[in-house]
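FYI, it's all coordinate maths here, none of it is from the lab. Note that the coordinates shown come from a computational prediction; the quantities given were computed from them, not determined experimentally. Here Cβ is always computed from backbone atoms with ideal geometry, including for glycine, and neighbour counts include all displayed protein chains.
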Amino acid sequence: MDKASVIGVVFGLLCLLAVGQMASKGNWMMFYSDKGLIMVFGGTISVLFMAMPMEKLKCVPGYIKCFLFYNGKSPSDVVQTMTTLGEKARRDGMLSLESEVENIDDAFLASGLKMAIDGVDPDNIEATLRAEIMAMQERHGAGKKFFDLIKLYGPGWGLAATLIGQIGMFANLGGSIEMMGYMLAVAVVATMYATILANAIAGPMGDKLALRSSEEILGREMILQGLLSIQAGDNPRVTLDRMLAFIPIAGRDKLKAA
């Protein structure tokens, strides 16, 4: 589980509940507007269906899962794994890595290692793995796009609800003060819904997915360079130095020592 995501969600929710309690004195119904809910959430859902293909929308549970759970390997883990494989290949030959394939839980690494063991041309290995990286980028981009659409169009639907509420208020000028207050409340509450949806939910979730995607792409590129180095028969030190190029300078000495 991604601890940072959970902490952020819980802390944000506590802040919202605390301020809501102080403002409402326990009367939480003052924040409820069925018209605002329909306009903001219903309208945003309609935009998602208009803007994204159905097969992408079916992946929404996966997008949320990626936000809450992250099982990717850190750069240091990748360096250690590839260094271990490189040392064994250097010592016992490439064929000795066949026994390691079954123990690898990373499909990308396992696929590349199988090709290297089978003696596939390095250019073909690189082309195949880069195509897989590009496909992964496209999948991750769809998840980021989903939350970006909510962030972009949710406030627009909130504005539409606000304008409807204001029109209703102006239409009742000179009439019942209760009706004017009710229509103004519809306008303000709808804006609140849209603001929370866009800036407290969709925006942070989309940015987290983009960051995780960048980290995974970096890990894939490190694996690719490590595999090509191992297949070429490079000294494990050369393999290590090639992958350390992806690591910030401040963290390289610690990895070299390990």
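With a cap of 16 neighbouring Cβ atoms within 10 Å, and only residues DSSP puts in a loop, list the trypsin sites (Lys or Arg not before Pro) found in region 1-43.
Details: sites: Lys3, Lys25, Lys35; in loops: Lys25.
Here the sparse-neighbourhood loop sites are Lys25.
Set Lys and Arg Cβ to +1 and Asp and Glu Cβ to -1, take the dipole of the chain about its Cα centre, and tell me which of Met192, Phe108, Ala4 lies farthest positive.
Most positive-ward Cα: Met192.
Along its principal axes, what span do the Cα atoms of region 1-139 show, with the longest given first and each in whole Å?
Computed over region 1-139, the largest-to-smallest principal extents equal 73, 34, 20 Å.
Could you give the distance between the Cα centres of region 167-191 and region 4-48, to the whole Å?
21 Å
Using the Cα centre of the chain as origin and beta-carbon charges of +1 (Lys, Arg) and -1 (Asp, Glu), tell me which of Tyr182, Thr128, Ala160 is placed farthest towards the positive end of the dipole.
Checked the options; the winner is Tyr182.
Tell me, what ³J(HN,Hα) does each residue in region 178-190 have, in order and in whole Hz, if you take phi through Karplus 6.51 cos²θ - 1.76 cosθ + 1.60 with θ = phi - 60° and put x for Gly and Pro?
Using θ = phi - 60°, the values come out as 5, 5, 5, x, 5, 5, 5, 5, 4, 5, 6, 5, 4 Hz.
What lysines does Lys114 reach when the alpha-carbon gap must be under 18 Å and sequence neighbours fewer than 8 apart in one chain are set aside?
Of all the lysines, those that pass the test against Lys114 - Cα under 18 Å, at least 8 places apart if same chain - are Lys88.
I'd like the Karplus ³J(HN,Hα) series for region 94-106: coefficients 6.51, -1.76, 1.60, θ = phi - 60°, whole numbers in Hz, and an x wherever there's a Gly or Pro.
Karplus-based 3J(HN,Hα) across region 94-106 equals 4, 5, 5, 7, 4, 6, 8, 4, 5, 8, 8, 8, 9 Hz.
Placing +1 at every Lys and Arg Cβ and -1 at every Asp and Glu Cβ, with all other atoms neutral, what dipole size does the chain have around its Cα centre, in debye to the nearest 20?
On the way: 24 positive and 26 negative charges, 171 e Å.
Result for the chain is approximately 820 debye, rounded to the nearest 20.
Excluding residues on the same chain fewer than 8 positions from Lys144, give the lysines whose Cα lies under 17 Å from its Cα.
Lys56, Lys58, Lys65, Lys208
For a protection proxy built on the mean count of beta-carbon atoms within 10 angstrom, sort 16-24, 101-109 highest first, please. Intermediate results must be reported in sequence, preceding the final value.
Working: 16-24: 11.1, 101-109: 13.4.
Per-residue mean Cβ counts within 10 Å order the peptides as 101-109, 16-24.
Under 10 °C and 1.306 mPa s, how fast does the chain diffuse according to Stokes-Einstein, given a Kirkwood radius computed over C-alpha pairs? Answer in µm²/s, whole number. Numbers along the way, then the final one.
Values: Rh = 22.1 Å.
Taking Rh from Cα pairs, D becomes 72 µm²/s.
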